[in-house]
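Contents: one structure, followed by commentary.
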Amino acid sequence: MIDDAFMAAVNELSVPEMGTDATAPLLYWLIRTVRPQHVLEVGMGYTTPFLAQALRDNATAVDLERSRLGDPAAAELQPLAHAEYYEQPYRPRLVCIDRMTDPTSSAPRALKVLDDLGLTGVCTVVEGDMTGAGERVQQELGLIDFAWIDTWDTLAFVREYWQLINPAGGMLAVHYLMTYPQGRAILHYLKSLAGPEGGLEITNLREPHRTGQNSTTLIRRIRDYVDPEDLRPQGTANDPTGVLDRFAGGGR
Ligand SMILES: C[S@@+](CC[C@H](N)C(=O)[O-])C[C@H]1O[C@@H](n2cnc3c(N)ncnc32)[C@H](O)[C@@H]1O
């Protein structure tokens, strides 16, 4: 978890110009929320231990929840738990790519911090250029459920890796596209990937207090996404608000 010891350990990776001091915990909580299994980072540094820790904490949480399934005493702790969710194993994997040649980046130091935090086993580090590494990533991860891209080469990433982003809900978080012409052109291009069937959700998070590195864009591929709720029998048991009943009854 993100506690004082974790924050003390990652502090040496902080490079204020990289602008990820708020984004790193945001990524942690996104991963804690959507629980991806196959995660990719391109552009290592301060963010890296947050991604690895989130996957480690997810695995711990899944084990605990699974052990409490069906225990009435635990109902309050997990009021929305779906037993079906726990039928699938949760075996998260993280691949982190960095060419380790940027003297301003804390990427090379991230390896030691991962080690200090006992997170080395969570993460496969690929030292080299992301261009040409797509096949290796596919071997390691298969389809990608969550990718964090923090380089200037978003277009090159999309060209090689787009087909690896899971079309059934896979998320791509891209740093710093909103506030300069080249970034906005990339955003425009990303929106065009939705296709006529509208297979994308896009949210831009602007950090108004920063002059640079001041946004993160979240893109979710939904072409093949089916909400697990929609696979369940419809009815009042699946509709705690009663809204569906009112429609079925013709109003009110
Ligand atoms: C902005 S820094 C990453 C900052 C980091 N996420 C953080 O929170 O501190 C960009 C990193 O991407 C790496 N990088 C840039 N282009 C790359 C490429 N084409 N392939 C692999 N790594 C690349 C650089 O070496 C650098 O470490």
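A few remarks follow.
- When we screen Met100, Met130 for residues that are over 25 Å from Ala59 (Cβ atoms) and crowded, with 18+ Cβ neighbours inside 10 Å, the only hit is Met130.
- Sole residue being outside any strand (DSSP E or B), within 15 Å of Trp152 (Cβ to Cβ) and of a type outside the set (Lys, Arg), chosen from Ala168, Ala185: Ala185
- Odd one out for Gln139 among (1) exposed (fewer than 13 other Cβ atoms within 10 Å of the Cβ); (2) over 25 Å from Ser105 (Cβ atoms); (3) touching a residue at least 60 places away in the same chain (Cβ under 8 Å): (3)
- Of all residues in segment 1-22, those that are under 17 Å from Ser215 (Cα atoms) and more than 10 Å from the ligand (Cβ to nearest atom) have Cβ atoms under 8 Å from Cβ atoms of residues that are of a type outside the set (Phe, Trp, Tyr) and modelled with pLDDT of 95 or more, 6 or more apart or on another chain, in Ala22/Glu207.
- One residue stands out among those in segment 129-156 that are among the small types (Gly, Ala, Ser) and out of contact with any Ser or Thr (no Cβ under 8 Å at 6 or more places or on another chain): the one that is nearest to the ligand (Cβ to nearest atom), which is Ala133.
- Filter result for the condition that a residue is modelled with pLDDT of 90 or more, more than 11 Å from the ligand (Cβ to nearest atom) and small (Gly, Ala, Ser), over Ala83, Ala74, Ala54, Ala107: Ala54
- Verdict on Leu177 being in contact with a helix residue (DSSP H, G or I) (Cβ under 9 Å, 6 or more places away or on another chain) and either loosely packed, with under 13 Cβ neighbours inside 10 Å or more than 17 Å from Gln37 (Cβ to Cβ) (or both): yes
The values are calculated or read from the model by the stated rules, or taken from the named source; none is laboratory data. In this text, all values refer to a predicted model and were calculated from it rather than measured experimentally. Glycine gets a Cβ as well: all are built from the backbone with ideal geometry, and neighbour counts include every protein chain shown.
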